[in-house]
Amino acid sequence: MKLFRLQGGIHPDTCKILSAEQPIRSLPLPNWLHIPLQQHIGASAKPVVKVGDRVYKGQVIAVSQGAVSASIHASTSGEIAAIGNYPAPHPSGLPIFTITLKPDGADRWLEQEVPDEPLTLSPEAIAMRVNAAGIVGLGGAAFPSAVKLNVSRRSQVQTLIINGSECEPYLTGDDRLMRERTSAVIQGIRLLRHAVGAQDVLVGIEDNKSQAITAMQFAAMGTEVQVIPIPTLYPMGSEKQLVKVLTGKEVPANGRLADISVLVHNVGTAYAVRQAIYLGRPLVTRVVTVSGGAVAKPSNLEVPIGTLVEELFRFCGGFRETPVRLLMGGPMMGIQLPNTQIPVVKGTSGVLAFTAQEITGNRISPCIRCASCLRACPIGLQPLEMVARIRAHDLNGAIRLGLKDCIACGSCSYVCPAHIPLVHYFNYAKGELAARERIKLKQEATRKLAEERMERLARLAREREAAAAARQAAKAAKEKQANVLAEAI
Amino acid sequence: MQMIGVAILSLTLLGLALGFLLGTAAYYLKVEGNTLAAELEKLLPGSQCGQCGFPGCTAAAQALANGQAAVTLCPPGGRVLVETLAARLGVEVNLAQVKETIPIIAEVQEDLCIGCTRCFKVCPTDAILGAAKQIHVVFREACTGCNQCIAVCPTESLQLKPVPVTLQSWYWERPAMTV
Amino acid sequence: MNLPTHAPHIHSPTHIGQIMNNVMLALIPATVLGFWLYGWPAINLWLVCVLAALATEALSLHLRGLTVRPTLLDGSAMLTAWLLALSLPPWAPWWIAVIGTIFAILVGKQVFGGLGQNVFNPAMIARVVLLISFPVEMTTWITPITLGSEQAPHFLEGLAITFGSSGTTFDAVTSASLLGHVKVELNRGVDLQAALTGYFIPHDAVWGWHSGSLGETSAVLLFLGGLVLIVKRIITWHIPVAMLIGVLLPAGLMHALNPSHYLGLVPHLLHGGLMLGAFFIATDPVTSPNTAIGQWIFGLGCGLLTYIIRTWGNYPEGVAFAVLIMNATTPVIDHYLRPRIYGRNHKGEALLP
């Protein structure tokens, strides 16, 4: 199949060798599970259990609220120990509403009926079951999958693209999933295709995962699923890039994938959909790569959602040396964790512990306009010019240069010989602009309140005057009457 | 002699023609007097808090339009407002030197509130809810941190506090400029 | 807790100092050949340039209230001095080097705000200032006397040439550079063929055996150094190729039309500062455009202007002027030639679904 050329991109050392040959192992149940109520893009889920309740594995403990949201299920059977704030897997380390579950050790599933012939279900029914299973995009963005399915079905999407690129260095979970649970992944892909009625199904896998490609191609034989090796290039796993390389189409700026009749799902998501529909298992575990130079035995683990990162490292033999940085996600876009007491969530593709050698940071020097960033940018932006604007407090100038088109992949920061934290500047600017927008909205609201108050005070004053005048008039009338009476008498 | 005549004549004609042009321009291209002040007022927060030292946003806008006030006059507007005002008025400001104000709002310390109702009578945005002899609460979304309620509270129960950062409002800090 | 570090958490191993070092490494073969051809005075001149540059840079950084050490050691000041030294007559007196270097670092770079902020190439600014201010010293060339040969000045004599008073004379053969010679002869009405006879020997020219500045010696070694930079991705190929085309295309055309008046391709390529300019000067990232198409325009402009100045201008060599003029156009080129953004057309409008 003809592939299309991408602009930009980088070739970081993938370091996948650390964990690529480690089969997926199940992490034993931890003593506590801390399950945040918002692990997805959209509205937080609403708890439907109280402290002390006993729950089964897979039982809903918080339901989705609003159009874009996802339900949360108990990752094992046990007792609800607490509902309250707990540090979020977020760079700020701020608290998030979290349900704490004390496992009872039985790991007893809540049995759910499963269809005999999953592929005969209606597309609507598949989306409904995906929604009920709380499935979100497992590639990292954690967008509720059912919402995507419904939008794509309504706009009659032609092409379903399955993202098996796993372009982030160190991560090998998707690779292992495709190699070990190949037929289940293919079943999931076929379900997704059926759910949106797509004509073509393209599975893009980076050519550094030859075993996964072979396994998937073998399993896909005789089906409508096409497995396509694609060049190893970061950020191939970004939806926009993957779509471009496979179809040659570009998602219009400010547009959606459905605008060009494409839907993209991750292989992990396809697997989760298969588990939900074939087995009636909601999304309560996920495959997480535990890696980095500081980890004694890098591994791929199937982890209950809500397990603390600490447990993962401990199961992998602890640390070989004291890590200088802990990460959740990949090294290119992942977040730094303040400590190991942070729970694994649906969007956690990996947890990494880095040594000082792996973080090749350096002193920031002035920009010499070498344009490495411009050549590395997969979107065609001019990172150096945008940063110059942001440094000069000219955020609108940065927007005019395309700040809002930035996908924050970090390629520019990676290549910058001056070690300028370019993508940090962009995320700061995006956050600052959003904050300004919030302030503007608030100011509009308070201005209105102030105007209403002025009007009300004016009205009250008018009413008082009118009342006073009325009293005056009444008094005068009364006096007059009295006078008349007096005269009459 | 003739030369002087030509010079006088040509200068007179030139003067007349240009004068006519100026007069016409002044007539047709006239700028309404108060539009600038009105436009500036729209940019200001409009909560009439009076922190700038003027009786309200209208007066502040008038002062700005007359050049009697600096573009940095409005504390609640922050750096963004300075930027917008400077752009509108064509004034140069060094934004790096304008301090970014942390948004603050009033908060009631419940154990000190005696329910005197003074605060919500002065609140320009009706951001305080309560009734006599009952503990008042500040409606966060409506409070502009204008300080008016603080001044009237007899028990110092009201205090200005920074708006708490949440997961929704948090964003990355501006990277430190090391070079 | 410390503030979290923003992604990415890994980084390519490159840094500014490494880029500068690589450029200097690529300059070493041609420079060493220059040292060999012109002897101790050339080595002294190079040293004076480098020391003056480091001193000036350190002083300016100190005056700007910055930490001196790391920036001083990133190699940018040294590279500027090196490039300037390569564009001076090898036997020029020390004060030419000092004035030029101070001008390059102070006025050419630091007053704009230091590394990365200057509009013009500092080394070329200094060269042009020197050329205009001290035309005699800047156009006195000598024919090569290789280091260690009998006629060559030994170490002390070398010091006397570089640091001695202007009265010091050493028994060297001064001669015009080829481009200067041709210009003079053509102006006198001499036919080009006659002017070139005995003056242009291609085999010697390839290895730099002719009078000129240090950086005008070996076209081959400079070309190889440039290739290394392209292979190591320190520079891209666009500017050098465009600049060479910009000179060679009109040169070929004019030579074909009138060989008795216009120099052919080979002398244009092998003489003067074209190779140094194309691979090491015009490719200065600070003062050249960012996009490939912008670099093409910039390079072609540099080449064409070089050719025009060489052929019809008053100066025999035009690389420095050409580069400076094109430096001035860089901001405009970068403003109008932006890459297309994904999902948008060239005008920046969103693509239609």
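Bear in mind that the values in this text are calculations on the coordinates, not laboratory data. It should be emphasised that the depicted structure is a prediction, and the values quoted were computed from it without experimental measurement. Note that we place each Cβ from the backbone using ideal geometry, even for glycine, and neighbour counts take in every protein chain shown.
What's the center-to-center distance, using Cα atoms, between region A:149-224 and region A:6-61 in Å?
If we compute the Cα centre of each part, the gap is 20 Å.
Please identify the cysteines of chain B that lack any partner cysteine with a Cβ under 4.7 Å from their own Cβ.
B:Cys52, B:Cys57, B:Cys74, B:Cys113, B:Cys116, B:Cys123, B:Cys143, B:Cys153
On average, how many beta carbons from a partner chain sit within 10 Å of the beta carbon of a residue in A:89-98?
4
Excluding B:Ala142 itself, calculate the net charge of residues whose Cβ lies under 12 Å from the Cβ of B:Ala142, where each Lys or Arg counts +1 and each Asp or Glu counts -1.
That works out to +1.
Let's see if you can work this out: charge +1 on each Lys and Arg Cβ, -1 on each Asp and Glu Cβ, no other charges. What is the dipole magnitude of region A:365-489 about its Cα centre, in debye to the nearest 20?
The dipole of region A:365-489 has a size of about 120 debye.
Quickly work out the B:Gln109-to-A:Lys50 label distance, labels modelled 7 Å from Cα along the C-beta direction, and quote it in nm with one decimal.
Placing both labels 7 Å along Cα→Cβ, they lie 3.5 nm apart.
Students often forget the sequence filter, so: which aspartates and glutamates lie under 20 Å Cα-Cα from B:Lys133 once same-chain residues fewer than 8 apart are removed?
Leaving aside aspartates and glutamates fewer than 8 places away in the same chain, those within reach of B:Lys133 are B:Glu107, B:Glu110, B:Asp111, B:Glu156.
Which of the DSSP-defined H helices in chain B satisfy a minimum axial length of 24 Å, computed from C-alpha atoms, and a minimum mean Kyte-Doolittle hydropathy of 0.5?
B:2-28
Calculate the mean, over all residues of peptide A:431-444, of how many other protein chain Cβ atoms lie within 10 angstrom of the residue's Cβ.
Partner-chain Cβ atoms within 10 Å, mean over residues of A:431-444: 4.
Within region A:365-489, what is the number of lysine pairs with alpha carbons under 20 Å apart, leaving out pairs fewer than eight places apart on the same chain?
Value for region A:365-489: 5.
Helix check for chain C. Which DSSP H runs span at least 20 Å along their own axis by Cα, with a mean Kyte-Doolittle hydropathy no less than 1.0?
Counting only whole DSSP H runs, the qualifying helices are C:16-38, C:40-63, C:238-257, C:292-312, C:319-336.
So for C:Asp204, C:Asp334, C:Asp74, fewest C-beta neighbours within 10 Å to most, what's the order?
So the ranking, lowest neighbour count to highest, is C:Asp204, C:Asp334, C:Asp74.
Considering only Cα-Cα distances, which of the following residue pairs are longer than 29 Å: A:Lys46/A:Lys297; B:Lys42/B:Lys121; C:Lys109/C:Lys232?
A:Lys46/A:Lys297
Mind listing the lone cysteines of chain A, meaning no other Cys beta-carbon sits under 4.7 Å from theirs?
That list is A:Cys15, A:Cys167, A:Cys316, A:Cys367, A:Cys370, A:Cys377, A:Cys406, A:Cys409, A:Cys416.
Please work out the FRET efficiency for the pair B:Gln68 and B:Leu9, using the Cβ-Cβ distance as r and a Förster radius of 45 Å; give the result to the nearest 0.05.
With a Förster radius of 45 Å, E is 0.45.
Taking the Cα centre of each part, how many Å lie between region C:1-64 and region A:315-335?
36 Å
Divide by every residue of the protein assembly as shown the summed helix terms, -39500 (n - 2.57) for each DSSP H run of at least 4, and state the resulting mean residue ellipticity at 222 nm, rounded to the nearest 500 deg cm²/dmol.
That calculation yields -13500 deg cm²/dmol at 222 nm.
Around B:Ala127, what is the net charge, scoring Lys/Arg as +1 and Asp/Glu as -1 over all other residues with Cβ under 13 Å from its Cβ?
Counting the neighbours of B:Ala127, the net charge comes to +2.
Choose one of B:Ala37, A:Val49, C:Ile341: the residue whose Cα lies farthest towards the positive end of the charge dipole of the protein assembly as shown (beta-carbon charges +1 Lys, Arg; -1 Asp, Glu; about the Cα centre).
A:Val49
GNM, chain C, Cα, under 10 Å: largest mean-square fluctuation among C:Ala195, C:Ala52, C:Ala205?
Among C:Ala195, C:Ala52, C:Ala205, the largest GNM mean-square fluctuation belongs to C:Ala195.
Have a look at C:Trp237, C:Pro331, C:Trp312 and report the one farthest towards the positive end of the charge dipole of chain C, computed about the Cα centre with Cβ charges (Lys/Arg +1, Asp/Glu -1).
Among C:Trp237, C:Pro331, C:Trp312, the one farthest towards the positive end of the dipole of chain C is C:Pro331.
Hey, if you put +1 on the Cβ of every Lys and Arg and -1 on every Asp and Glu Cβ in region A:365-489, which of A:Ala482, A:Ile439, A:Pro417 ends up farthest toward the positive end of that dipole?
Highest projection toward the positive end goes to A:Ala482.
Please report the spacing between the Cα centers of region C:279-352 and region A:95-114 in Å, no decimals.
Centre-to-centre distance over Cα atoms comes out at 64 Å.
What net charge do the residues around A:Ala258 carry, taking every other residue with its C-beta under 9 Å from that of A:Ala258, with Lys and Arg at +1 and Asp and Glu at -1?
Combined, the nearby Lys, Arg, Asp and Glu give +2.
Taking the alpha-carbon distance from A:Lys50 and a cut-off under 27 Å, which lysines remain once sequence neighbours fewer than 8 residues away in the same chain are dropped?
A:Lys102, A:Lys346
Averaged over its residues, how many other protein chain Cβ atoms are within 10 Å of peptide A:446-459's Cβ atoms?
5
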